[in-house]
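Colleague: Attaching a single structure in structure tokens format; questions to follow.
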Amino acid sequence: MPLPPAPSKKATILPTSAYASTGEGNSRKAGPRSRAADSAHPEAKGEAPEALLAIPAAPAAPTPAKTPSRRKTASTQVSALLSPPATAPAVAKLTPAAPTAAPAATVAATAEAPAAAPRSRKARHTGPTKLFVLDTNVLMHDPMCLFRFEEHDIFLPMIVLEELDSHKKGMTEVARNARQTSRSLDALAAAQGADITAGLKLDTTGHREAGGKLFFQTRPLNYTLPTSLPQGKADNQILGVVEALRHLHSPQGQEGQPTREVVLVSKDINMRVKARALGLTAEDYQNDKTLEDGDLLYSGALALPADFWTKNGKSVESWQSGSHTYYRISGPIVPNLLINQFVFFEAPGEPSLYARVTEIRGKTAVLQTLKDFAHAKNAVWGVTTRNREQNFAMNLLTDPEIDFVTLAGTAGTGKTLMALAAGLTQVLDDRRYTEIIMTRATVSVGEDIGFLPGTEEEKMGPWMGALDDNLEFLAKGDGGNAGEWGRAATNELIRSRIKIKSMNFMRGRTFLNKYVIIDEAQNLTPKQMKTLITRAGPGTKIICMGNLAQIDTPYLTEGSSGLTFAVDKFKGWPHSGHITLARGERSRLADFASEVL
């Protein structure tokens, strides 16, 4: 670091009493403040916030000796160069003898510099951190769950490691997650040496959001469970570990008030019930849920208030471009809008408005009127829409600028029929896409009927009953006067442009100029949904359809479904759109059954 230029005037030499008293006073001030800062942030020195099990708290002495990384070494050198000297009095004693001595104000400022407490990072948790005991099913459900508990600590019983080892073989999703968890544990142990009794810092492998530690069960624990619970069962052994940890963190003479809360995290409902029956705190794993409540899901449409034109009529700008009318609006409703969200205005005695948000800039938004697919002249492959939400969906399906469409709705709302009709029109008439690819999650409603013979498409045939039913309706048309030969030729042409694929073989594929339909998407996990959507190449459009009320995949709920995940992550993107279909149009029997059953 270059030295500062010499001052133009000669500095006055201070008496010894002046700088000696200043340095001593500041050194006395610096000690208590730095100690207070250290005690306020014990984790900054690597201390464990509380003693775990028989593990003593990490000493206040320096961190265990290990080779520092290049980044830490560089930052240490930079901080050493930029920070003021630690021994202020020594600087003051040398100042008078130096030929380029600094002025008195500079010396005083240099001596007072150590008194300022170092800036520390903001603590995320004010009270004592919690200790979460993880069940095996949480690790096999989400292998990244170790890094999702923020500043809190994690404890793994030994029986959990045994169960992970027994489930790691195979090609299922559970086996892959078990292997991924084992690799994460190995990486954490390898990054911090062989001694794991003091806990492993969870942020050493790059996950900076995890500020706690990981502890393993390193010795047997004494616990007492009711005799009605079999002692050899793995779930009961985990409950015993939670019981022992709770007693360990409950000191005597404080009315059982624990110094640290011990919480069991499990995806098993029965295990959580047993834990609560024993007086233990148990919670479900919530980090896999996109939404807490399915009613909070983005619907894709917003009703304008009844007084919208009264309040905003004078400030609205409108213009015509082609067959669409555009409105630029402003006001308090603009912050609630998203790109490609539909808005509608319906009031008795006033003209209705159905539009889509195409642009948001600051406090203004641009609305574009929609094409009316309810009229027979705008029919898509002979299909006309019957309600407002269907018209919104058809505008998304036929727009070439929209690459990803999600449709949610109950049974009989027309999701598959509209997607197929729009796909056939754009493949056979407009030649926008080369073919239609259709797939779905093969999850049985009841008992499995066994292996299916034939090729990939023949095996997928029984799962594609919805495709056959809708193709029969689309091929027949309104009149049905083409004759037997005409209908056969139409069916053959349609079948030649539709390919049925299995999701099991999608890894590594790239779809170019394809119209991809993913049916029953509510049965997909977020990881499976990501695998399918990332197959899209240039010119490909993907449509995901599903009914969140009909989830058949175990351990999957409305909040953690892949369809919910996709809707929430893609909302507001300029090339995606979503609509929730509300009214069923299949039959009066199906509509009534959807409401009362």
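Condition check ((1) within 24 Å of T580 (Cα to Cα); (2) surrounded by 14 or more Cβ atoms within 10 Å (Cβ to Cβ)) across all residues:
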site	(1), (2)
S299	yes, yes
L302	yes, yes
F308	yes, yes
G313	no, no
G322	no, no
S330	no, yes
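Colleague: Restricting to the range 550-571, give me the number of residues that are touching a residue at least 60 places away in the same chain (Cβ under 8 Å) and more than 16 Å from the chain's Cα centre (by Cα).
Modeller: Qualifying residue count, the range 550-571: 4.
Colleague: Can you find, within the range 583-597, the residue that is most open to solvent (accessible area, probe 1.4 Å) among those that are assigned to a loop (DSSP other than H, G, I, E, B) and in contact (Cβ under 8 Å) with a residue 40 or more places away in the chain?
Modeller: Going through the range 583-597, the residues assigned to a loop (DSSP other than H, G, I, E, B) turn out to be 583-587, 597.
Filter again for in contact (Cβ under 8 Å) with a residue 40 or more places away in the chain, leaving 583-587.
Working: R583: 131, G584: 16, E585: 43, R586: 160, S587: 51 Å².
Taking the candidates together, the pick is R586.
Colleague: Ok, one more. Look through T531, T580, T490, T557 and report the one residue that is hydroxyl-bearing (S, T, Y), modelled with pLDDT of 80 or more and assigned to a helix (DSSP H, G or I).
Modeller: One residue alone meets the criteria, T531.
Colleague: Kindly indicate whether N340 is open to solvent by 70 Å² or more (accessible area, probe 1.4 Å) and either aromatic (F, W, Y) or part of a loop (DSSP other than H, G, I, E, B) (or both).
Modeller: Judged against the criteria, N340 is not a match.
Colleague: Can K233 be described as open to solvent by less than 70 Å² (accessible area, probe 1.4 Å) and basic (K, R)?
Modeller: no
Colleague: Residues in the range 189-210 that are over 18 Å from N287 (Cβ atoms), in contact with a strand residue (DSSP E or B) (Cβ under 7 Å, 6 or more places away or on another chain) and part of a loop (DSSP other than H, G, I, E, B): how many?
Modeller: Here the count works out to 5.
Colleague: Counting only residues that are surrounded by 17 or more Cβ atoms within 10 Å (Cβ to Cβ) and part of a loop (DSSP other than H, G, I, E, B), which one in the range 560-577 is modelled with the lowest pLDDT?
Modeller: The selected residue is S560.
Colleague: Using the structure shown, decide if T364 is touching a strand residue (DSSP E or B) at 6+ places or on another chain (Cβ under 7 Å), surrounded by 12 or more Cβ atoms within 10 Å (Cβ to Cβ) and touching a residue at least 12 places away in the same chain (Cβ under 8 Å).
Modeller: Working: touching a strand residue (DSSP E or B) at 6+ places or on another chain (Cβ under 7 Å): yes; surrounded by 12 or more Cβ atoms within 10 Å (Cβ to Cβ): yes; touching a residue at least 12 places away in the same chain (Cβ under 8 Å): yes.
Here the answer is yes, as T364 does meet what is asked.
Colleague: Could you please tell me which pairs satisfy a Cβ distance under 6 Å, a separation of 6+ or placement on different chains, a first residue in the range 320-331 that is within 10 Å of A355 (Cα to Cα), and a second residue that is polar (S, T, N, Q) and surrounded by 15 or more Cβ atoms within 10 Å (Cβ to Cβ)?
Modeller: H324/Q368; H324/T369; T325/T369; Y326/Q368
Colleague: Now for a different question. Might you let me know whether the range 345-363 holds any residue that is within 15 Å of G577 (Cβ to Cβ) and of a type in the set (S, T, N, Q)?
Modeller: The answer is yes, given that some residue of the range 345-363 is within 15 Å of G577 (Cβ to Cβ) and of a type in the set (S, T, N, Q).
Colleague: Here are some conditions: (1) small (G, A, S); (2) in a helix (DSSP H, G or I); (3) open to solvent by 40 Å² or more (accessible area, probe 1.4 Å); (4) more than 26 Å from K169 (Cα to Cα). G240 meets all but one. Which one does it not meet?
Modeller: Evaluating G240 over (1) small (G, A, S); (2) in a helix (DSSP H, G or I); (3) open to solvent by 40 Å² or more (accessible area, probe 1.4 Å); (4) more than 26 Å from K169 (Cα to Cα) leaves (3) as the failure.
Colleague: Considering only residues that are more than 32 Å from the chain's Cα centre (by Cα), over 19 Å from G212 (Cα atoms) and open to solvent by less than 30 Å² (accessible area, probe 1.4 Å), look in the range 244-277 and name the one that is modelled with the lowest pLDDT.
Modeller: S250
Colleague: Taking A187 as meeting all but one of (1) in contact (Cβ under 8 Å) with a residue 40 or more places away in the chain; (2) open to solvent by 40 Å² or more (accessible area, probe 1.4 Å), write down the number of the exception.
Modeller: The failed condition is (1).
Colleague: For the range 409-436, enumerate the residues that are open to solvent by less than 10 Å² (accessible area, probe 1.4 Å) and either modelled with pLDDT of 95 or more or part of a helix (DSSP H, G or I) (or both).
Modeller: If the condition is that a residue be open to solvent by less than 10 Å² (accessible area, probe 1.4 Å) and either modelled with pLDDT of 95 or more or part of a helix (DSSP H, G or I) (or both), then M418, A419, L420, A421, A422, G423, L424, Q426, V427 are the ones that fit.
Colleague: Hey, among T510, T540, which residue is under 24 Å from V380 (Cα atoms), modelled with pLDDT of 80 or more and not charged (D, E, K, R)?
Modeller: The unique qualifying residue is T540.
Colleague: Taking the condition within 39 Å of the chain's Cα centre (by Cα), under 22 Å from K371 (Cβ atoms) and of a type in the set (D, E), does E350 pass?
Modeller: Criteria not met by E350.
Colleague: Further question on the same structure: Select from the range 371-404 the residues that are more than 20 Å from V427 (Cβ to Cβ) and among the basic types (K, R) and write down the one among them that is least open to solvent (accessible area, probe 1.4 Å).
Modeller: Only one residue fits best here, namely R388.
Colleague: Further question: Name the one entry in T204, T172, T197 that is surrounded by fewer than 19 Cβ atoms within 10 Å (Cβ to Cβ) and at pLDDT 85 or above.
Modeller: Being surrounded by fewer than 19 Cβ atoms within 10 Å (Cβ to Cβ) and at pLDDT 85 or above holds for just one of T204, T172, T197, which is T204.
The values are calculated or read from the model by the stated rules, or taken from the named source; none is laboratory data. Because the structure is predicted, anything quoted here is derived from the model rather than measured. Please note: Cβ atoms are built from the backbone with ideal geometry, for glycine as well, and neighbour counts cover all protein chains shown. All accessible areas refer to the heavy atoms of the entire protein, side chains included, with ligands and DNA or RNA removed. Shrake-Rupley method; radii C 1.70, N 1.55, O 1.52, S 1.80 Å.
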